[in-house]
Amino acid sequence: MNDASALVRALRDPASVKSLDSDGWTALVSIARAEQLAGSLAYQVQGLELPAAAVRLMADARRSAEHQRRQALWEAEMARRALGDLDVPVILLKGTAYVAAGLSAGIGRSIGDLDILVPRDALDAVERALIERGGWEWVKEDEYDDAYYRDHMHELPPLIHKERDRMIDVHHTILPRTAKPTPDAQALVADSVPMANGLHFLSPPDMICHAAAHLFADGDLAGGLRNLWDIDRLCRDFFTQPGFWETLGERAERHELAKPVGRALRLAETLYGTPVDGDVAGRARAGDGLYLRRLFARDGWGCETRKPLRFAFYLRSHWLRMPPLMLARHLFTKWRKA
Amino acid sequence: MRHEFRLTVGPVGFRIGSDWREPLDRLAALYDGYPETALPDFTVRLFAQRPWRRFIRPSVMIGGDYMLPDAAPMALAHGLLAAEMGMNLQMALGQRRYLLLHASAAEKGGKAVLMTGASGAGKSTLSALLGERGWRLMGDEFALVDCETGLLHAFPRLVSLKNEAIALFEGQVDARRFGPKLSDTPKGTIRHMRPNDEAVAHMAEPVKPALLLFPRFGHEAAVRPMGAGEVFVRLTQASTNYVALGEAGFDALSSLVKTVPTRAIDYPDTETALRLVEQLWTESSL
């Protein structure tokens, strides 16, 4: 087993795991854990007739995902209690939003930090409430990093809870301010969907825009298979709604994310057989193949492979995150401190 | 990974991959006779941080299915310790089938004594000594509680003897059961010792926990009863996955606390401790 395609195949066509021997299973489990997709895989293959050892491992993975779901919802509730009377919309992002909204993307999803988005002009009040009433505190007390976050990033410096040891990322938009595309943060807030407990989640097209932005415009493709799995599940949940693709196309344009969204859809279709719309996905481009090679760069031990390609994508992520002169200054400062 | 070794310890299977042959040869020798595993529960990886660090000042990074973000590398001479730590790490971060207690355990007559407490309390040494004196060693570090049955599963990894404890066993047990002496590790001098044949032969047999002890070294001999509340809280602190198991973990722990008699014991030396354990064992079986 020399790349992560085994995992993609198992997610896309769960019955295909029946042909795996124990070495195939061993590799699949390690790759799925490394890609943070063990829980998603475990729910996909639930109910199939599998070798006893695989049944046990998949049950473990579901137990772990269930714990993460419970913990994520609890963290969201803690944030709600700290921010409830500020009278600003608090929008859950990523994994926590998927489980809170009961979407397929939340099934078995691994969830780390709590990510929320609030209107930019409410940032100060939100930060103060989290620290003074919620029990969160700053993770790093480094002046450069702190100033960098506040001046150039799309989120506050990360906060960690004193007792629960859980992190919260408070966003005011979905891409760094230094990145070229400028998503319409006001529109993200305006179109968000309220839940019964008062918390919000992004509208489904905006969720897809966010996932695509995270993957291509900001990230170095780490966690890309999971990110595209999210996009696959979101598309399957919503594509039958009338006007869904038109809205997605419009939103992607509005957030200046038409290219990343198109590429995300094309890759999701290639990997997971996602139902996509040709107009929004756009025509295949030469670069798509490189992306796939990067996404599959993991061996049967769960180890990262194709180091030069990984590094190239890492450089690219920095290149996209900020203009060249600023990048030079940033890397110089980081290097001097290290 | 260039080299591979697989083993089953109690109910848990491991696959260990390494950039170097040497640590796995040591593992294979000490774990000789432990069953293989076709589909392991966890993968451990011992790897060089940079390709040239395989040869030049070789240092071992510990990785696997579950990893800590900022783990420090170790000297290749401590490769055996690195492998053991790698297995520990998988258990501590990834175990979701059993309630994992940081405790040692030994079995006699189909029932087990569990010993837990702060680092340095002596639980590892005491269980290893019991294992040489008519008890079956179930594990010197982790005890696995089955959430459905409440039974205790053995996890008899190599005993990790530290500092003064090493001399208690050298000369007493077959020299072939020892690994190399590892000095200047983060925990001082360590020498690994293979559990005896009885512990290995019966490791797949879970038993009922019958006595729970909180030993404490360095005090006059004393036995104290403990309140259920204190026992419960200290066991939650001794567990790496109590929170993650949710309600099942709570039920398993509550039932353990309610059904198993518990004592805190203070001891000035190991012989006194062993006498106290035997005495309390006899009383609890009456």
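The values are calculated or read from the model by the stated rules, or taken from the named source; none is laboratory data. Because the structure is a prediction, the values reported are computed rather than measured. So basically every Cβ, Gly included, is an ideal-geometry build from the backbone, and we count neighbours across all protein chains shown. Surface accessibility is based on the protein's heavy atoms, side chains included, excluding ligands, DNA and RNA. Shrake-Rupley method; radii C 1.70, N 1.55, O 1.52, S 1.80 Å.
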Just to be sure, is A:Arg120 open to solvent by 20 Å² or more (accessible area, probe 1.4 Å), farther than 30 Å from A:Ala61 by Cα and in contact with a helix residue (DSSP H, G or I) (Cβ under 9 Å, 6 or more places away or on another chain)? yes
Enumeration of residues in region A:33-57 that are part of a helix (DSSP H, G or I), in contact with a Leu (Cβ under 8 Å, 6 or more places away or on another chain) and within 9 Å of chain B (Cβ to nearest Cβ): A:Ala53, A:Ala54, A:Leu57
All positions within region A:233-275 that are open to solvent by 20 Å² or more (accessible area, probe 1.4 Å) and outside any helix (DSSP H, G or I): A:Phe239, A:Thr240, A:Gln241, A:Pro242, A:Gly243, A:Glu256, A:Gly273, A:Pro275
Those residues of region A:287-338 which are modelled with pLDDT under 75 and in a loop (DSSP other than H, G, I, E, B), in sequence order: A:Met322, A:Pro323, A:Ala338
By residue number, the members of region B:247-257 that are free of Cβ contacts under 8 Å to residues at least 60 places away in the same chain, surrounded by 15 or more Cβ atoms within 10 Å (Cβ to Cβ) and within 13 Å of chain A (Cβ to nearest Cβ) are B:Phe250
Take the residues in region B:18-65 that are hydroxyl-bearing (Ser, Thr, Tyr) and closer than 13 Å to B:Gly86 by Cα; name whichever of them is nearest to the other protein chains (Cβ to nearest Cβ). B:Thr43
Number of the condition not met by B:Ala83 [criteria: (1) open to solvent by 50 Å² or more (accessible area, probe 1.4 Å); (2) assigned to a helix (DSSP H, G or I)]: (1)
Members of region A:19-32 found to be part of a helix (DSSP H, G or I) and either more than 7 Å from chain B (Cβ to nearest Cβ) or open to solvent by less than 30 Å² (accessible area, probe 1.4 Å) (or both), listed by number: A:Ser19, A:Asp23, A:Gly24, A:Trp25, A:Thr26, A:Ala27, A:Leu28, A:Val29, A:Ser30, A:Ile31, A:Ala32
Does B:Leu24 satisfy being without any contact (Cβ under 8 Å) to a residue 60 or more places away in the chain and among the aliphatic types (A, V, I, L, M)? yes
Please count how many residues of region B:258-281 are open to solvent by 80 Å² or more (accessible area, probe 1.4 Å) and part of a helix (DSSP H, G or I). 5
Residues (at pLDDT below 95, on the phi < 0 side of the Ramachandran plot and in a loop (DSSP other than H, G, I, E, B)) located in region B:156-169: B:Glu164
Against the definition (of a type in the set (A, V, I, L, M) and under 20 Å from the mean Cα position of the chain (by Cα)), how does B:Ile62 come out, yes or no? yes
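With the condition being touching a residue at least 12 places away in the same chain (Cβ under 8 Å) and β-branched (Val, Ile, Thr), I'd like the strands (runs of 3 or more DSSP E) fully within region B:178-240 carrying at least 2 qualifying residues.
Because the criterion is at least 2 residues that are touching a residue at least 12 places away in the same chain (Cβ under 8 Å) and β-branched (Val, Ile, Thr), the strands (runs of 3 or more DSSP E) in region B:178-240 that meet it are B:188-193.
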Of the residues A:Glu163, A:Glu132, A:Glu141, which single one is open to solvent by 50 Å² or more (accessible area, probe 1.4 Å) and closer than 28 Å to A:Arg329 by Cα? A:Glu141
Looking at region A:83-97, which of its residues are open to solvent by less than 10 Å² (accessible area, probe 1.4 Å) and either on the phi > 0 side of the Ramachandran plot or in a helix (DSSP H, G or I) (or both)? A:Leu83, A:Gly95, A:Thr96, A:Ala97
Among (1) modelled with pLDDT under 95; (2) over 24 Å from B:Ala118 (Cα atoms); (3) among the β-branched types (Val, Ile, Thr), B:Thr185 falls short only on (2)
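Please go through region B:68-80 and give me each residue that is surrounded by fewer than 19 Cβ atoms within 10 Å (Cβ to Cβ) and either touching a residue at least 60 places away in the same chain (Cβ under 8 Å) or not in a strand (DSSP E or B) (or both), ordered by number.
B:Leu68, B:Pro69, B:Asp70, B:Ala71, B:Ala72, B:Pro73, B:Ala77, listed by residue number.
If you check A:Ala97, A:Ala79, A:Ala101, which single one turns out to be within 14 Å of the chain's Cα centre (by Cα) and touching a residue at least 60 places away in the same chain (Cβ under 8 Å)?
Being within 14 Å of the chain's Cα centre (by Cα) and touching a residue at least 60 places away in the same chain (Cβ under 8 Å) holds for just one of A:Ala97, A:Ala79, A:Ala101, which is A:Ala97.
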Give me the pairs: first residue in region A:122-147 and at negative phi, second residue open to solvent by 50 Å² or more (accessible area, probe 1.4 Å) and among the acidic types (Asp, Glu), beta-carbon distance under 8 Å, and six or more apart or on different chains, which are they? A:Ile131/A:Glu137
Can you tell me which of B:Glu36, B:Glu22 is within 22 Å of A:Thr26 (Cβ to Cβ) and open to solvent by 60 Å² or more (accessible area, probe 1.4 Å)? B:Glu36
Within region A:58-92, tally of residues that are within 11 Å of another protein chain (Cβ to nearest Cβ) and of a type in the set (Asp, Glu): 2
Does B:Leu89 count as at pLDDT 95 or above and surrounded by fewer than 22 Cβ atoms within 10 Å (Cβ to Cβ)? yes
